[in-house]
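**Student:** My questions all concern the structure below.
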Amino acid sequence: MTGIDDVRAPLHAYARGHATGDPSWFRTAFLPTAHVEGLREGTFTSWSMDDYCALFDGTPAPDEADRSRTVDQVCVEGTVATATMTLRHGESVFTDMFVLVRVDGVWRIANKVYHRHAS
């Protein structure tokens, strides 16, 4: 049996990665095979974990104190789960959707898609 806090743990690690700019948090949150996908300036993007982690240099954003990340929904079915999170990064608002899987008793993010809302 698993608790909701166990499912939320990789989501919190993901949020911590954004808050700190430290990509090691993403490597804790995601499976090594995960991809992050969505539209960036109208063009489809698909990043491997290495590519995604390379976007972060270990430094928090200058406006980090004004940013927020909220887990909106988590749905668990056996060894798989889905989750939705809202990120407010300055003028930008993102909806992130996650597919999670419990591997060897530990929840990890298998893949993430995102939508950037028009500002």
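Throughout, read-outs are computed from the coordinates displayed, never taken from laboratory work. Please read these numbers as outputs of a predicted model, since none were measured by experiment. Using ideal geometry, Cβ is built from the backbone for each residue, glycine included, and neighbour counts are taken over all protein chains shown.
**Student:** Are any residues in the range 95-112 β-branched (Val, Ile, Thr) and in contact with a strand residue (DSSP E or B) (Cβ under 7 Å, 6 or more places away or on another chain), and if so, which ones? Lay out the reasoning, then the answer.
**Tutor:** Of the range 95-112, the ones β-branched (Val, Ile, Thr) are 95, 99, 101, 103, 106, 109.
Residues satisfying the conditions are 95, 99, 101, 109.
**Student:** Restricting to the range 64-79, give me the number of residues that are in a strand (DSSP E or B), over 16 Å from the mean Cα position of the chain (by Cα) and surrounded by 11 or more Cβ atoms within 10 Å (Cβ to Cβ).
**Tutor:** Here is the first cut: in the range 64-79, the residues in a strand (DSSP E or B) are 68-77.
Remaining after also requiring over 16 Å from the mean Cα position of the chain (by Cα): 76-77.
Going one step further and asking which of them are surrounded by 11 or more Cβ atoms within 10 Å (Cβ to Cβ), we end up with 76.
Selection size over the range 64-79: 1.
**Student:** Okay, moving on. Could you tell me whether any residue of the range 5-28 is surrounded by fewer than 12 Cβ atoms within 10 Å (Cβ to Cβ), without any contact (Cβ under 8 Å) to a residue 40 or more places away in the chain and out of contact with any helix residue (DSSP H, G or I) (no Cβ under 8 Å at 6 or more places or on another chain)?
**Tutor:** Our first condition is that a residue be surrounded by fewer than 12 Cβ atoms within 10 Å (Cβ to Cβ); within the range 5-28, this holds for 5.
Okay, now just the ones that are also without any contact (Cβ under 8 Å) to a residue 40 or more places away in the chain, so 5.
Okay, now just the ones that are also out of contact with any helix residue (DSSP H, G or I) (no Cβ under 8 Å at 6 or more places or on another chain), so 5.
So far as the range 5-28 goes, yes, one or more of its residues are surrounded by fewer than 12 Cβ atoms within 10 Å (Cβ to Cβ), without any contact (Cβ under 8 Å) to a residue 40 or more places away in the chain and out of contact with any helix residue (DSSP H, G or I) (no Cβ under 8 Å at 6 or more places or on another chain).
**Student:** Among the numbered criteria (1) within 16 Å of residue 114 (Cβ to Cβ); (2) surrounded by 11 or more Cβ atoms within 10 Å (Cβ to Cβ); (3) of a type outside the set (Lys, Arg), which single criterion is violated by residue 61?
**Tutor:** Going through the list (1) within 16 Å of residue 114 (Cβ to Cβ); (2) surrounded by 11 or more Cβ atoms within 10 Å (Cβ to Cβ); (3) of a type outside the set (Lys, Arg), residue 61 breaks only (1).
**Student:** Follow-up question, since we're still on this one. Among (1) outside any strand (DSSP E or B); (2) of a type in the set (S, T, N, Q); (3) surrounded by 11 or more Cβ atoms within 10 Å (Cβ to Cβ), which single condition is residue 119 missing?
**Tutor:** (3) is the only condition that residue 119 fails.
**Student:** Another question about this same structure. Run down 106, 76, 71 and say which single residue is over 17 Å from residue 25 (Cβ atoms) and among the aliphatic types (A, V, I, L, M). Reasoning before the result, please.
**Tutor:** Working: 106 fails: over 17 Å from residue 25 (Cβ atoms); 71 fails: over 17 Å from residue 25 (Cβ atoms).
Matching residue, one of 106, 76, 71: 76.
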